[in-house]
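**Q** Structure below; questions to follow.
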C-alpha cells in the first residue's frame, strides 16, 4: 500500500458517515409541496412524507424494533413501502423486501434465513402468511398494511394497523448516527439451482448508488431523464432491488412520485395520464402489457422517458415504443449490483450518427455509470480486450456491489473470485466502453463447436411479423452437443412453423450475421412463455417443458 | 453507538475506495472525441487528455514524486492544471494549488508550511519564484510550464519543460489503490489576521463533492445547469478551491471544457463566442468586467448559465446580467467547504411565484445541496429557529468539509467547535431551508445597540443609478460604537455625495426596510475598491484606508 498523507481530523471535527437519512436533507425538505401519490386513493406532500417517516420510526421503536433487527415488508408498490425504505434503515435496522412472487416455501426459506423479527404484511398476503406462520422461526411481531376499512386481521402477534399506529405517533424522531457500513437492506435472488441467495447493501452503498444514479439521470443523457420537475412512477417492483433504487433518487431530489400498487396495466395507463408521469423504468414484458392495455389504445405516450432493464431490449420493442411516443433507453444491472451498472445513453459521436446507429446503441447494455469499472474475463480469469469482438464473462467493480451472499461463504467467494464480481453474463465491450450482453453463461448455446447467443437469435426471430414473443434455449443433442430450440407466441390470426422460421432466418445466415447451425430445427407454438418472479424468461422452466413435450410428442411442436 | 448489523465482506470482495481516479471511469472514457481547449492555442480530445494524465504521472514518478509528497502548481487556468488536478492526487501525492495573487512573502510562507517538494512553475512566475527560491526549505525540484518556444528557465533544480517531458513519456500508467482518506489537495486561505491557513481535502471528500455537485448541476434546477452537452469555462481560478470543483464534475461527465489562462475580459468574451460556452461560474466582479469588455458590446449572451458565488449577488447585478441574456444563480461556499454548500435553485412553490419573488430567491445563498446539513447558532452554541428572522452564525456538516487547518490545532478546534463547522457568516434560514447570508460576523456593523448588515446596505446603495460599485464597513464611533461608512465608485459622468445618498436611502428607512442608523454620515468616492486575491471586497484594507483618510482629511471624503 502506498504511504499517502492521512491527517487525523481536528478535535471535534464531525466524521460524516454516509447514511440514508442524509438523502432527506435536500429535495425532500425544499420541495415540501411536491406530491407523493398512491393509486387513486392517497395523495400527500413531502412535508407529510417526512413526518410519516418519523411517525413510522416511533411506531417501530415502540413495537420493539432495535438497531440490527431485520424488518420485513410484504407489499405491492406503495407510499408505505417508500416510508419503510427510509424509516427502517434509518433506525439502524435492516429492511428485508420480500419477493411476494416467490412460492410460499421460498418465502418461508428467505424469512427464516434472513432472521426477520418483524413483518409488515399487506392484507392481500394474510392468507399466504398464515400458511407459513407456524414454521417461521424468528418473527416476533407483525403489522398490518391495508387500504380497506377493516383494520384488523388474523395475524399472529399483531401490533396493529399501520395507518392507525402512525396517526397516534409523534411526528418527530431524532435519528442517531452509526457506522456507514451497517446493512440497510436485504433481499433474495433465485438462481437456477438451490435455495434463494440473500444479497445485502449498506448505507454507504445506497447513498453512493443514489448519487451516481442521480448523475446518470440528470446529466449524462442528451435529454434529462429525471430532474426535479419530472414525475416518476416505478413499474419495477419495490421488492426487486428497491425498484432499482430510483425511489431513493427521486426522494433526494424532491421529485413527484406515483406508486401504482399491484401492476394492473389498465390502472398504470390511467395513472400515467392523470398524474402526467414523465419517467419510469421496467422490464420489456411489462411495457408490452401497458402498451397493449385497453386504456392505452389511441393514447399518445409522448414525453414518457423509460429505462428498460432486466432483459435485453430488442429493436422491435424499441421501435414499437417509439411509434407510440415513448423514448426507451436500455440499462443493465442485477440483484447483486444494487442494481445500476450501465446505461445506453449516447455520446457525441453516436448522437451525430444515423438514426439506425443511434437505435443500435440505445438497446445495448450501454456504458458504465460513474464509479463503475467493467471488464471481460475468459474462463481462466484473464482479461480480454475491449475490441467489441472478444466475448467473455462480464466482471465488475463498483462501490455498491453486494459484498457476498448472506451466510453463504462458498457462493460468496465464487461470486468475488479474483476480486471482481462475476455477473454470469457473457458480453463484449467495444472501444467506446459500450457493453453488449450476448447471453447468460448458462444460456449460451454450444452447437458443433460454435457458440450461439440465445439473445441474438431471439432478437432476429422477433423481427418476423407474426412473432409476438420468443424464447430460445439450447437443448441437448447427441450429435451436436446442443441445438437451439425456439418457443414462440404468434400474433392473433397469424401462423408460423419451423419451415417458415427457417425462411425468415436464411437471409441473416447468407449475410453472415448468423451461423447456419443457429437455425432451430424444432420450435414450439404456445400461448404464453414462462417467466420468473421478476418477469424474465424462465429458461430453466422452458427447458423442462420442452423436454417433457419432446418425450411425449406434444402437438405444440413443429419440426423441420 | 447503535449496534447495527455490520457483515465482514466475502473473501476476495473488492473494498472499493473512493479515489479521484474513479472520476475518469465514465464520461472521460466514453466521450473520447469531446474537446478540452486552452485559450486559442491548444485543443485536444478526452482520449488525449487521458493519455496525458498517464504521461504526467510517469514524468512525476521519474522526477522522484512519491505518495505522500506535496507537489505545488503556480499557473493560470489551463489544460495542464486540469492534468495536475488528476495525475498528482492519483499518484497518492498532494496537489498544492498556490494562490499566485498572494504577496511573495505569503506564497513563500504557504510553500514552506505545506512542505512542497516539487513545484510546477508557469514561465510568467519565474521571476517571483527566483525571488523566494533561496528561502524555500523543502522544495527539491522544479518543472517549467510554458506556452512559448523557450523551453528552459533559470529555475533551481529544473527537471525540464512540461510538454517536452510529456512527449517523451509512456502514455500508460497503472494507478494503484490506497486509503480514500488520503489527502488529495491543499491550499491556503487568507484570514483577517495572522498567516494564511491551509485547508485540505481527501480523495473521498472530492469524489463525494463531485457527485453531489453533478446532481445539483444536472437535476435540481428547473433548467439543467450543466449536462453532458454543455460547454464549460471556469472564471474562478483553479488555484481557488479547484475552480469550485467543477473541473472534476465536467471531467466525470465528459463535458467540453475551455480554459482561459489569465482572466483577460476581452479574451473571455472571444472564447465564450468561439467555443459556444454555456456554463460558467464566477464572482460578481469578474462578470461585471466581462460584460463591460469592449468585445462584449452588442453581444447577446443568451444561453449562458452562470453560478455566482464568493460575494453576495445583488438584484442590480442579477437584472443587468438578465438584460444581456445571462441566467444567474447564486451559490454559497468557502475555501473550508470544498466549496459547494448551497445554491439558489427554485422549488415548485417559487417557480409558481411572481418574477420579482423568483429574482429575490435567485440571489440568496439558496438551499443546501445533497448531503449538506446547515443550521444557525447563537453565541452560546445554541441552535436558533429556521424562521427566516432569527440571525446567527451559519454552521455546517457535510462529507467534504476540511477536517481542520493544516498544522494549526487551536484554529482547527475553533473551526469545529461543538462538532459543527463554523463559517463566520451571519445568516437566517427560512421555513423552506433557504439560507440568506446577512454578513460576515466581523463585518456586521454594531451601531447604537443595533446590528446592521453591511451586505444589505450595499445592496440598497447599489440600486442608485449613479453607483457602479460600493463597499460598506463599520468605523469606530465614540458615541454609537460603530457607524456605517460607504466607499463608492460612481459611473462615468455621474456624481454623488453623502447628502444624495441619504436622499436615496430615506425611502427604505420610511418603509421600515432600514434602520435610520444605517444611513452613512460619511462616504468616500474612489476610482477603485480594494479587493482580495480572490476578488472579494477587502474590508480589512478598506478600513485601514478610511482611517488614514479620516486622519488626514482626504478630498475623497464627503460628509453629511
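**Q** Is any residue of region B:410-451 close enough, with backbone N under 16 Å, to a label point placed 7 angstrom from the Cα of residue B:389 along the Cα-Cβ axis, and if so, which?
**A** Once the point is set 7 Å along Cα→Cβ of residue B:389, B:428-432 turn out to lie under 16 Å by backbone N, inside region B:410-451.
**Q** Taking the Cα centroid of region B:172-189 and of region B:276-351, what is the distance between the two, rounded to the nearest whole Å?
**A** 31
**Q** At a threshold of 8 angstrom on Cα-Cα distance, excluding pairs fewer than six apart, so keeping six or more, what relative contact order does region B:444-559 reach in percent?
**A** Values: 179 pairs, mean separation 27.8, N = 116.
The normalised contact order for region B:444-559 reaches 24 percent.
**Q** Hey, rough spin-label estimate for residue A:11 and residue B:556, points 7 angstrom out along Cα→Cβ, what's it come to in nanometres?
**A** 4.2
**Q** Relative contact order of chain B, please, whole-number percent, based on alpha carbon pairs below 8 angstrom and at least 6 residues apart.
**A** On the way: 1117 pairs, mean separation 56.3, N = 560.
Relative contact order of chain B: 10 percent.
**Q** Using alpha carbon centroids, what distance separates region B:218-240 and region B:1-70, in Å?
**A** Value for the Cα centre distance between the two parts: 20 Å.
**Q** Can you say what percent of the DSSP beta bridges in the protein assembly as shown, counting only those with both residues inside, are antiparallel? Round to 5. Could the numbers behind the result be given before it?
**A** Working: 100 of 175 bridges.
Once the DSSP bridges in the protein assembly as shown are tallied, antiparallel ones form about 55 percent.
**Q** Given just the C-alpha atoms of the protein assembly as shown, how large is their convex hull per residue in cubic angstrom?
**A** Details: hull volume 210.7 nm³, N = 1120.
Cα-based convex hull of the protein assembly as shown, divided per residue, equals 188 Å³.
**Q** Tilt of helix B:539-552 relative to the longest C-alpha principal axis of chain B, in degrees (0 to 90, nearest 10)?
**A** For B:539-552 against chain B, the angle is about 40 degrees.
**Q** Now, a different point. Please identify which residues in region A:330-362 have an amide N closer than 13 Å to a label point set 7 Å out from the Cα of residue A:411, following the Cα→Cβ vector.
**A** Correct set: A:335-336.
**Q** Neighbouring Cβ atoms within 10 Å as the yardstick, rank B:222, A:280, A:78 fewest first.
**A** Ranked by crowding around the Cβ, least crowded first: B:222, A:78, A:280.
**Q** Moving on. Tell me, B:217, A:396 in order of fewest to most beta-carbon neighbours within 10 Å? Walk me through the intermediate numbers first.
**A** Values: B:217 31, A:396 23.
Ordered by Cβ neighbours within 10 Å, fewest first: A:396, B:217.
**Q** Further, regarding this structure: Once the label point is set 7 Å along the Cα-to-beta-carbon vector, what list of distances in nm do you get between residue A:167 and its counterparts in the other copies?
**A** For residue A:167, the inter-copy label distances come out at 8.0 nm.
**Q** Given a Förster distance of 51 Å, report the FRET efficiency between residue A:442 and residue A:276 from their Cβ-Cβ distance, rounded to the nearest 0.05.
**A** Details: r = 42 Å, r/R0 = 0.83.
Once rounded, the FRET efficiency stands at 0.75.
**Q** Still on this structure: Please compute the modelled spin-label separation between residue B:41 and residue A:510, points set 7 Å along Cα→Cβ, answer in nm with one decimal.
**A** 6.2
**Q** Moving to a separate point now. Expected output is a single nm value to one decimal: the length gained when fully extending between residue A:172 and residue A:373, i.e. 0.36 nm times separation in residues minus the C-alpha distance. What is it? Walk me through the intermediate numbers first.
**A** Values: separation 201, 0.36 × 201 = 72.36 nm, distance 4.08 nm.
The residue A:172-residue A:373 span can extend by a further 68.3 nm.
**Q** Also, quick follow-up: Between B and A, which B residue has the Cβ nearest their rotation axis, distance in Å?
**A** Chain B residue with minimal Cβ-axis distance: B:218, 1.
**Q** First measure r as the distance between the Cβ atoms of residue B:355 and residue B:502, then evaluate 1/(1 + (r/R0)^6) with R0 = 51 Å and state the FRET efficiency to the nearest 0.05. Write down the numbers at each step before the final one.
**A** On the way: r = 31 Å, r/R0 = 0.60.
Calculated value: 0.95.
**Q** How would A:75, B:430 line up from fewest to most surrounding beta-carbon atoms within 10 angstrom?
**A** Values: A:75 25, B:430 15.
Taking fewest neighbouring Cβ atoms as first place, the list is B:430, A:75.
**Q** Where the centroid of each part is defined by its Cα atoms, how far is region B:119-140 from region B:251-269 in Å?
**A** Here the two parts' Cα centres lie 26 Å apart.
**Q** Taking the 0 to 90 degree range and rounding to the nearest ten, how far is the long axis of helix B:104-114 tilted relative to the main principal axis of chain B, both from C-alpha atoms?
**A** Helix B:104-114 and the main axis of chain B meet at about 50 degrees.
**Q** Note the distances from residue B:448 to each other copy's matching label point, with points 7 Å along the Cα-to-beta-carbon direction, in nm, sorted shortest first.
**A** 10.1
**Q** Still on this structure, please answer the following. Report relative contact order for region A:393-487 in percent, whole number only (criteria: Cα-Cα under 8 Å, sequence separation at least 6).
**A** Numbers: 137 pairs, mean separation 17.8, N = 95.
Taking the mean separation of contacting Cα pairs over the length of region A:393-487, I get 19 percent.
**Q** Mind giving me the nanometre distance, one decimal, between the label points for residue A:67 and residue B:494, set 7 Å out from Cα along Cα→Cβ?
**A** Calculated label separation equals 5.9 nm.
**Q** Okay, moving on. Need one number: % antiparallel among DSSP beta bridges in chain A, to the nearest 5. Write out the running numbers ahead of the final one.
**A** Values: 50 of 87 bridges.
About 55 percent, rounded to the nearest 5.
**Q** Also, quick follow-up: Between 0 and 90 degrees, rounded to the nearest ten: what's the tilt of helix A:498-510 against the longest Cα principal axis of chain A?
**A** 90
**Q** Considering only the label points, 7 Å along Cα→Cβ from Cα, what distances in nm to one decimal separate residue A:132 from the same position in each other copy, shortest first?
**A** In nanometres, ordered from closest: 6.8.
**Q** Go ahead and collect, in residue order, the members of region B:478-507 whose backbone nitrogen is under 14 Å from a label point 7 Å along the Cα-Cβ direction of residue B:323.
**A** B:491-492
Bear in mind that the values in this text are calculations on the coordinates, not laboratory data. Remember, predicted model here, so these are calculated numbers, not experimental data. Here Cβ is always computed from backbone atoms with ideal geometry, including for glycine, and neighbour counts include all displayed protein chains.
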